[in-house]
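Below is one structure, written out as structure tokens, with a few remarks after it.
The values are calculated or read from the model by the stated rules, or taken from the named source; none is laboratory data. Source: prediction; values computed, not measured. Methodologically, a virtual Cβ is constructed for each residue, glycine included, from the backbone with ideal geometry; neighbour enumeration extends over all protein chains shown.
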């Protein structure tokens, strides 16, 4: 005897899990369509802003480098007046770029070479704090040491000499910077601190004649002061 065929009712079709999930997803998307469109729009806008910003930064950097090159060309020719005009333009217009920071260093150097230390100091201070060329940071630090010594400010001279040691480009350069720090401690009536620095250097540079010779000179100053 044949079994009767099972009838498929409408309510059972509506309860089909697969169909329910599709309908639920469609309903959710319909309700949040505006929100999704807004999010996508904001994302596209953010990408466009980033692209424009990047292009603008590249354009600024190129302009800054070009103007800096002109300033350096005049400086090499000994024309400090025109060099200052172009270097100052880079600082004024592109101070946050690498070229802007470098231009500031060279403006400071021009003032320093003219012995206008008050004018040079803020440029060197800024480069020591924000510069990105380790050689120029070291040179600016040493210039700051000399500026403070000219004012009799040994405490700040020592502070910047320590920065010069940190930015030394080689082991030997660091040794000579440390020897100068020892000299500053001697000037500051703190020979024991100077001796400690020199003794450490003797261990690390026993095969370097020039370093040892300079160390012996400073030891001689210490002995003479006792």
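Only a single item in (1) assigned to a loop (DSSP other than H, G, I, E, B); (2) touching a helix residue (DSSP H, G or I) at 6+ places or on another chain (Cβ under 8 Å) is not met by residue 207, and it is number (2). Take the residues of segment 159-170 that are in a helix (DSSP H, G or I) and without any contact (Cβ under 8 Å) to a residue 24 or more places away in the chain: which is surrounded by the most Cβ atoms within 10 Å (Cβ to Cβ)? Checked segment 159-170; the qualifying residue surrounded by the most Cβ atoms within 10 Å (Cβ to Cβ) is 161. The residues in segment 107-127 that are under 17 Å from the mean Cα position of the chain (by Cα) and buried (at least 21 other Cβ atoms within 10 Å of the Cβ) can be counted, and the count is 3. The requirement of being assigned to a helix (DSSP H, G or I), free of Cβ contacts under 8 Å to residues at least 40 places away in the same chain and surrounded by fewer than 16 Cβ atoms within 10 Å (Cβ to Cβ) is not satisfied by residue 141. Do we find a residue being at pLDDT below 90, surrounded by fewer than 19 Cβ atoms within 10 Å (Cβ to Cβ) and within 27 Å of residue 107 (Cα to Cα) anywhere in segment 191-207? For segment 191-207, residues at pLDDT below 90, surrounded by fewer than 19 Cβ atoms within 10 Å (Cβ to Cβ) and within 27 Å of residue 107 (Cα to Cα): absent.
Scanning segment 184-200 for residues that are assigned to a loop (DSSP other than H, G, I, E, B) and touching a residue at least 24 places away in the same chain (Cβ under 8 Å) yields a single hit, 188.
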